[in-house]
Amino acid sequence: MKKPHRIFLLLLPLCVGCLKEPVSWNLPRSNKNDTSQSRNADNPSAPVARFSASATRVPLGSKVRFNSTSTQNPTVFSWYLPGATPSVAAGSTVEASYQHVGHYDVRLAVANQFGSDTAQRQAYIEAFYFKSFADMDWVDWLNNGWVFSSGQVCDGCALAWQSSSGTAKIFTLTRDFTDMPPLAMLSFFYNIYSPGGSLRVRLNGAEIWTTSGYGKGNAEIRIPYSGSYRLSFEAIVGYTQSIYLNDIELRP
């Protein structure tokens, strides 16, 4: 009787490096709105939205220029600028301004015949109030006694000074603000160039900050209110005493 044939299988380890064809991993790419990419992997001819701004901190009323830096030749540009004037615009480059203190989003939607894309940045623009008296204009400030200064002590500042009486006088600068965000930051420069002078800040009539005697610096005060309020600076000066004020800023 013949013996049955036995078949032996020799198991060898797989050597990836010995393969003649390279191994490729076909991993999907997502997040086509990622502006770090210049192309959409799923649709290479579709645009990828990108944009920049001429400034991201903008004084109220001044213009900021938005420029599309989108790739893949978009033909349609739609801007959405909440809080700005205008709030919507079209074109690869547009200009807008802001009238109220705050942080504002910017969104750009682009498209061409192959597809569309959108880029958005939250709180991208900071609009703030700024007043320098170097322009020699009170601009909505109600002034009682202050003058514009010149000279080495503080050129281009507002100056409270009197030489007519030994009795201290109070000079005030007042302005109303509306649509203010909560906890805005007030900052300003001051220089009390007298041993007996005092400077106070009032909000809706209530004192929120004061300093007296020789000294100068940049003060910062967190405003505890939002919405509408009246801001006042009071300089109390005696005979030949001087107080300087400048660069008033309110930012969100």
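The structure shown yields Rg/Rh (Cα atoms, Kirkwood Rh), and of the options [x] 1.39; [y] 0.94; [z] 1.01 that calculated value carries the label [x]. Each label point was placed 7 Å from the Cα along the Cα-to-Cβ direction; for Y239 and T56 their separation is 5.6 nm. In terms of overall dimensions, the C-alpha atoms belonging to the range 35-128 reach 41, 21, 17 Å along their principal axes, ordered largest to smallest.
Along the range 116-125 the Karplus relation, 6.51 cos²θ - 1.76 cosθ + 1.60 evaluated at θ = phi - 60°, assigns HN-Hα couplings of 8, 7, 9, 10, 9, 10, 7, 6, 6, 10 Hz to successive residues, with x for each Gly and Pro.
Every number in this text was worked out from the coordinates using simple rules, so none of it is lab data. Model, not experiment: these values are computed from the prediction. When we count neighbours, we look across all protein chains shown, and the Cβ atoms used for this are built from the backbone with ideal geometry, even at glycine.
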